[in-house]
Amino acid sequence: MSVQNNSVLASDDVAVRVDGISKSYALWSSPLSPLACSMTQLVHPLTRPFPRMREKLEARAQHWCRDFHALSNISFEIKKGESWGFIGVNGSGKSTLLKMISGNITPTQGRIEVDGKVAILDYSSGLHSAFSGRENIYLKGAILGLSRREIDRKFSLITEFADIGYFIDQPVKTYSSGMAARLGFAILAHVDADILITDEALAVGDAAFVQKCMRHIRKFLEHGTFLFVSHATNDVMSLCDRAIWLEHGAMRRIGTASDVCLAYLASIEQMAAQSYLAGQAPPVKTQKLTGEQLARMRQHVCAPTAEACLDRRETRYTIDEKLMQADAMFDNAKGVGGGRIIAVQLLNEEEKALNAVMGAEEVILRLHVAAERVISQPIVGFQLLNHTGLTLFADNSSDVTRAESLELGVGETLAVDFRFRVPLLPPGDYAFRVGFADGTENHNALLDVRNEALIIHCVTSTIRHGLACLPMLGISMQKIPEVA
């Protein structure tokens, strides 16, 4: 199969086309193995009259070298103006893939077509440690396709963006990782690329610089194509339209950023649960609760209550009653098992069920869970997610169980109340994701999780800025007299 990088695409709306690419590397057993393998290749034709010697030589050569497949048969297509995230554990092939798209690495097999000027931010390339920051601006700028005249014109903008002061004339080897990140991103930000590739671009640097980078990226998203490697799924869901999850060099999942990130997080939770359970002694007794038993429990804890009367506030929400009553909750269970979430309710201060909230009032999120085995350290928690899967706020009961030991036996149930004031949110749909685990906050087994236990529809709002807003008690203005 032919390999072609950075070729102009025939289609006007496609920025990147990746067709069946694979990448393999030779892994040597020792520093002398390449020399030994070269000698073997010279001797190999002479062994044809001696089959046994030939077999031994080939077996030894296999011991000296083996192939490592960093990527295997990857295909996808990115339209112009789209933003894509690439997620996966370390070593899954994310950086290798983007370096091939940028042209820094050649695929072993397959075809890559790119339409437009590509700029890649990779802290490990383009900056020479012995050169000063000033010299590196010209060096990396030239690598990225800028002429000296263009770099002269943009030099002051680059140094202002980097904001590293007098270190601009010091060798890069004296920089901290954050300072090198500042300089690298500042150069990249002024390349005027059509396709921007960032490899963990927001992983290094202080909060102020990260915010500056985010502002630049969001401005770039208005007209350019953006490819983003990160372990921060919230950043991927916030910045990207679509995402790819790579695992061991293969494409595990492709789709919308929220769907892919949630699937990836669920896989991580499963692995964490298996790790936790592997180190625990087997439970004394296990008994899976039947659907009839769970239905009786749910009916008991979800007894109907009168609708609450609410005062008019700034924001109005309605709650999906079907999901609030948990009618479908037994069909979408996830987790490793051993415990079940049997009911989720949103109550007012008088503990009456709500089918609407206005925003700013105090509410109770009540979760009922049941144990199907002995659970020594039960933890119950929740997240409020927006339509892209971003977590607006979250909490769990780990502080309570850490302060006071609480063990659940088989068939025992537990009610957990979270009291908080409902934030003011822009119009849209929001979901409560709830979970039931055994262990500690940092090391546990997720027994059961419901991604959409409650759906809240925000139908009106005066929120103009941000993802959420605190209930504003008032805004006042007063002109201060001039001092005589």
Find the residue count for segment 90-141, including only residues that are surrounded by 15 or more Cβ atoms within 10 Å (Cβ to Cβ) and at positive phi. 4
Ser376 vs (1) touching a Phe, Trp or Tyr at 6+ places or on another chain (Cβ under 7 Å); (2) surrounded by fewer than 19 Cβ atoms within 10 Å (Cβ to Cβ): all pass except (1)
Does Ser95 fit the bill of being in a strand (DSSP E or B) and modelled with pLDDT of 75 or more? no
Filter segment 213-252 down to the residues that are of a type in the set (A, V, I, L, M, F, W, C), outside any helix (DSSP H, G or I) and closer than 30 Å to His69 by Cα and list them by number. Phe226, Leu227, Phe228, Val229, Ala232, Cys240, Ala243, Ile244, Trp245, Leu246, Ala250, Met251
Per-region count, segment 366-398, residues under 23 Å from Asn348 (Cβ atoms) and not hydroxyl-bearing (Ser, Thr, Tyr): 15
Checking Phe220, Phe226, Phe209 in turn, the sole residue that is modelled with pLDDT under 85, in the same structural domain as Gly141 (by TED's automatic domain parsing) and among the hydrophobic types (A, V, I, L, M, F, W, C) turns out to be Phe209
Test of understanding: among Gly389, Gly381, which residue is surrounded by 14 or more Cβ atoms within 10 Å (Cβ to Cβ), among the small types (Gly, Ala, Ser) and more than 23 Å from Leu277 (Cα to Cα)? Gly389
Is at least one residue of segment 374-388 closer than 19 Å to Leu446 by Cα and among the small types (Gly, Ala, Ser)? yes
Of all strands (runs of 3 or more DSSP E) fully inside segment 383-447, the set with 2 or more residues that are touching a strand residue (DSSP E or B) at 6+ places or on another chain (Cβ under 9 Å), modelled with pLDDT of 85 or more and of a type in the set (Phe, Trp, Tyr) is 413-421, 428-439
Any residue in segment 77-99 that's under 12 Å from Leu227 (Cβ atoms): show its pairings with residues that are in a loop (DSSP other than H, G, I, E, B) at Cβ separation under 6 Å, as long as the two are six or more apart or on different chains. Glu82/Asp241; Ser83/Leu221; Ser83/Cys240; Ser83/Asp241; Trp84/Cys240; Gly85/Cys240; Lys94/Gly88; Lys99/Ile105
Tally time: how many residues in segment 405-464 are in contact with a helix residue (DSSP H, G or I) (Cβ under 9 Å, 6 or more places away or on another chain), over 25 Å from Glu349 (Cα atoms), surrounded by 16 or more Cβ atoms within 10 Å (Cβ to Cβ) and of a type in the set (A, V, I, L, M, F, W, C)? 5
Out of His190, His248, I need the residue that is surrounded by 21 or more Cβ atoms within 10 Å (Cβ to Cβ) and not β-branched (Val, Ile, Thr). Which one? His190
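The values are calculated or read from the model by the stated rules, or taken from the named source; none is laboratory data. Keep in mind it's a predicted model, so treat the numbers as computed, not measured. A quick note on method: Cβ atoms are made from the backbone with ideal geometry, for glycine too, and the neighbour counts reach across all protein chains shown.
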